[in-house]
1. Quick one: pull the percent of accessible area on region 183-266 belonging to carbon and sulfur, 1.4 Å probe, ligands and nucleic acids left out.
2. Taking N as the number of residues in region 179-268, what is its alpha-carbon radius of gyration divided by 2.2 N^0.38 Å?
3. If you plug each phi of region 196-209 into the Karplus form 6.51 cos²θ - 1.76 cosθ + 1.60 with θ = phi - 60°, what whole-Hz ³J(HN,Hα) values come out, in order, with x for Gly and Pro?
4. Specify the longest stretch of the chain that does not include any exposed loop site, a site being one of the trypsin sites (Lys or Arg not before Pro) with a non-H, G, I, E, B DSSP assignment and at most 13 other Cβ atoms within 10 Å.
5. Please list 3J(HN,Hα) in residue order for region 172-185, calculated via the Karplus relation 6.51 cos²θ - 1.76 cosθ + 1.60 where θ = phi - 60°; whole Hz, with x for glycine and proline.
6. Taking the full set of protein chains and a 1.4 angstrom probe, give the accessible area of D164 in square angstrom, rounded to the nearest 10.
7. Quick check: residue separation of A102 and F298 times 0.36 nm, minus the Cα distance between them. What number comes out in nm?
8. What whole number of Å gives the distance from the Cα centroid of region 104-122 to the Cα centroid of region 124-195?
Amino acid sequence: MKTNPVIQAAIDLTAGAVGGTACVITGQPFDTAKVKMQTFPAMYRGLVDCFVKTYKQVGFRGFYKGTTPALVANIAENAVLFMCYGFCQNIVRRIVGLDRKAELSDLQNAAAGSFASAFATLVLCPTELVKCRLQAMHEMQLSGKIVHGHNTVWSVVKGVLKKDGPFGFYRGWSSTLLREIPGYFLFFGGYELSRTFFAFGRPKEELGPVALMISGGFGGMCLWIAVYPIDCIKSRIQVLSMAGKQAGFMVTFASVLRKEGVFALYSGLKPTMIRAFPANGALFLAYEYSRKLMMNQFDM
């Protein structure tokens, strides 16, 4: 490519933002169900029960609670993630002694994605905290943990600032970091491995939309199967801290195991896995095609 590293980074950032938007639009109702079931597993017998009760109690809009911060979270996360992914790929090339334009192996791409995810948590944690609190606000009121809930993004933001200050947005950051680093190793590793399978020796850039979507979906499923219990604890910390001081990751993890059993850590797994395939397929499809379009424009 003829463009300089600054333009390349801008292209990766923009393409990541486009991919993040596609991911949220495709999977938001299932993400809402996931957070509700993770935080209050005793309230729902399963995915269908969660959908039915949410619709009866809040209406169709209940499935899209937290969509604005979800969009901000995914756009910010994926913009930073894919921009840093490009940088981290170059770092991996230097570490293993490859030329700047050399193709990385699937394992090396997975390592680059894992490194990049650490930077993405800095923008993801605050926006995801607001999203999760909005999604589970109705359950927090029903359970009596809070008296009055906040129904808008701005009211949640003001509540966090008033109660905990700016650092309040980083509740659950260690859990987020613990989820992202191994999760994105498998995410990018699964994606690249699947693309290699579909390429059959051809350049991966020649793959069509179906192969890209399947590869993205496979990567997403690899991520969630591996790190779902960590995500469950993260959601609890971020949501339940609304009602007062919440214990850290290890204490919360031990408490859930002792009081509710290991299966509580997998509450909401079904909507997550249903969402993972189309949402991450849409993410990578939008990312790859928008990135290719922009790169072609600059090359011309």
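The values are calculated or read from the model by the stated rules, or taken from the named source; none is laboratory data. For clarity, every value in this text was computed on a predicted model and none was experimentally measured. Neighbour counts are summed over all protein chains in view; Cβ atoms, including those assigned to glycine, are modelled from backbone coordinates with ideal geometry. For the accessible areas, the whole protein counts, side chains as well, though only heavy atoms, and no ligand, DNA or RNA atoms are used. Shrake-Rupley method; radii C 1.70, N 1.55, O 1.52, S 1.80 Å.
1. It is 73 percent, rounded to a whole number.
2. That works out to 1.46 for region 179-268.
3. Once θ is set to phi - 60°, the couplings for region 196-209 become 4, 4, 6, 6, 6, x, 7, x, 4, 5, 8, 5, x, x Hz.
4. 102-244
5. x, 5, 5, 5, 4, 5, 5, 7, 6, 4, x, x, 7, 4
6. Here the residue's solvent-accessible area equals roughly 50 Å².
7. Value of the extension gain: 68.5 nm.
8. Value for the Cα centre distance between the two parts: 22 Å.
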